[in-house]
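Shown next, in structure tokens, is the structure this report addresses.
The values are calculated or read from the model by the stated rules, or taken from the named source; none is laboratory data. Just so you know, these numbers come straight off a predicted model, no measurement behind them. Don't worry about glycine lacking a Cβ; one is built from the backbone with ideal geometry, like all the others, and counts go over all protein chains shown.
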Amino acid sequence: MSTGLPPLLEAALPSLTTPAYVADMAALRKNMETAARIREQAGCRVLLATKSFALPAVFPLMRDSLDGTTASGLFEARLGLEEFGKEVHVFSPAYTESTLRELLCLADHLYFNSVDQIRRFLPAVRTAGPGKKAGIRINPGFSNATLGGHLYDPCSPRSRFGVTRAALDELPWDDGIDILHVHALCESLADGSVGLISHMAREFGEYIRRVRAVNFGGGHFINKKGYDLDALVSAIRGFRSEFGVEVILEPGSGLVVDAGYLVATVLDIVHNERPIAILDASASCHMPDVLEVPYTPPLLGASGPGVHPHTYILGGNTCMTGDIIGEYSFTAPLKPGDRLVFGDMLQYSFVKNNTFNGTPLPDLALLHEDGRYEIVRRFGYEDFKGRLC
Ligand SMILES: Cc1ncc(COP(=O)(O)O)c(C=O)c1O
């Protein structure tokens, strides 16, 4: 009977220590081919948003297919420069004088979120030299987030992101703003990407003509099954030829979707109306988006409740009652020691994890294309203690 696992992972499974996040290098390579194709065919730049995925051990595989990284602040910008190289972009809802000063030594593209911030810091960017580019994030008033409702929609009512349409004429255009930035998507297929590009062309043409580049943000789910790459390529080409500007995309999830796993072990089975399996992986600590979005992650070889004869609730080994990953059914009963493999676990997983309850952090590991399993980082007590004292 099929286990639903990729053969290389199945072979590595019995010997690996859990919990472990495992990057599937073959799948990542395929995802990178998509990025390379978009860059080449659309003539645009593609950056990795390190807020979504930041595993330097994988950067050598990604570097040639991308133009650099985009950061959410000082530490990510430094990581991008030190570990990835190439271009470093940064957007933060607000900068202080001192972070801005440090960022000017790390990043070459700095995006501001408000009229006040860009007025205050544009002179420093200009003084730092011609290699430094200043961008302004605007709120395009275009919603296409496919999950999480308002929680993941940067254009939701009263969103704090981006200069609103009404304030655009207050921007210091004459002082040289290089880039317009819009981030409005979340796990969006091509209709979202193309919709945003067309919306910008239709509604913001007079402002686009004042800059050299437009950054269409992240949320382009370019490696998700069903994403129409040709439609994206043609929309970007059309936009570039209409306005004569450069185009930048900065996806995170779309570059690493379906390219990694979180492997867990069943520790115990308890019963309360239903069988409940306690795992060494936790929703609360290791896959916080399961609770935050919320969503139920795919579990390889299992199905939703009631499909197969043995249904279990899966929960973490913490004190939090709501630390529940989901309900799944299996063809055979679970028992302590069984390995479970959650799919699509690279984006917004290990970058957001925590040690609540002193819960150990999963290994960071690579499954190489020749089947070799490499642990990049193992965490221990010192990592827990180091954040407390
Ligand atoms: C400004 C910005 N750029 C890029 C991204 C990456 O988005 P995603 O991982 O959905 O592609 C985000 C995500 O929140 C973002 O806020």
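Condition check ((1) of a type in the set (S, T, N, Q); (2) buried (at least 18 other Cβ atoms within 10 Å of the Cβ)) across all residues:
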| residue | (1), (2) |
| --- | --- |
| Ala134 | no, yes |
| Asn144 | yes, yes |
| Gly162 | no, yes |
| Glu170 | no, no |
| Asp191 | no, no |
| Ala201 | no, no |
| Ile208 | no, yes |
| Gly217 | no, yes |
| Arg237 | no, no |
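When the residues of region 32-71 are filtered to those that are more than 15 Å from the ligand (Cβ to nearest atom) and of a type in the set (Asp, Glu), which remaining residue is farthest from Arg237 (Cα to Cα)?
If we take residues in region 32-71 being more than 15 Å from the ligand (Cβ to nearest atom) and of a type in the set (Asp, Glu), then Asp64 is farthest from Arg237 (Cα to Cα).
Run Ser92 past the list (1) crowded, with 20+ Cβ neighbours inside 10 Å; (2) without any contact (Cβ under 8 Å) to a residue 12 or more places away in the chain; (3) of a type outside the set (Phe, Trp, Tyr) and report the number of the one that doesn't hold.
Failed condition: (2).
Looking only at region 303-316, which residues are under 11 Å from Ala277 (Cβ atoms) and either without any contact (Cβ under 8 Å) to a residue 40 or more places away in the chain or in a loop (DSSP other than H, G, I, E, B) (or both)?
Going residue by residue through region 303-316, those that are under 11 Å from Ala277 (Cβ atoms) are 310-316.
Result: His310, Thr311, Ile313, Leu314, Gly315, Gly316.
Scan region 274-288 and give yes if some residue there is within 16 Å of the ligand (Cβ to nearest atom), closer than 26 Å to Ala77 by Cα and either at pLDDT 95 or above or within 17 Å of the chain's Cα centre (by Cα) (or both), otherwise no.
yes
Of everything in region 243-260 that's within 12 Å of the chain's Cα centre (by Cα), not charged (D, E, K, R) and not in a helix (DSSP H, G or I), which residue is farthest from the ligand (Cβ to nearest atom)?
Val257
So, of the residues in region 240-293 that are acidic (Asp, Glu) and out of contact with any strand residue (DSSP E or B) (no Cβ under 8 Å at 6 or more places or on another chain), which turns out to be surrounded by the most Cβ atoms within 10 Å (Cβ to Cβ)?
It comes out as Asp289.
Would you mind stating whether Asp338 is more than 16 Å from the ligand (Cβ to nearest atom) and within 23 Å of Leu8 (Cβ to Cβ)?
Yes, satisfied.
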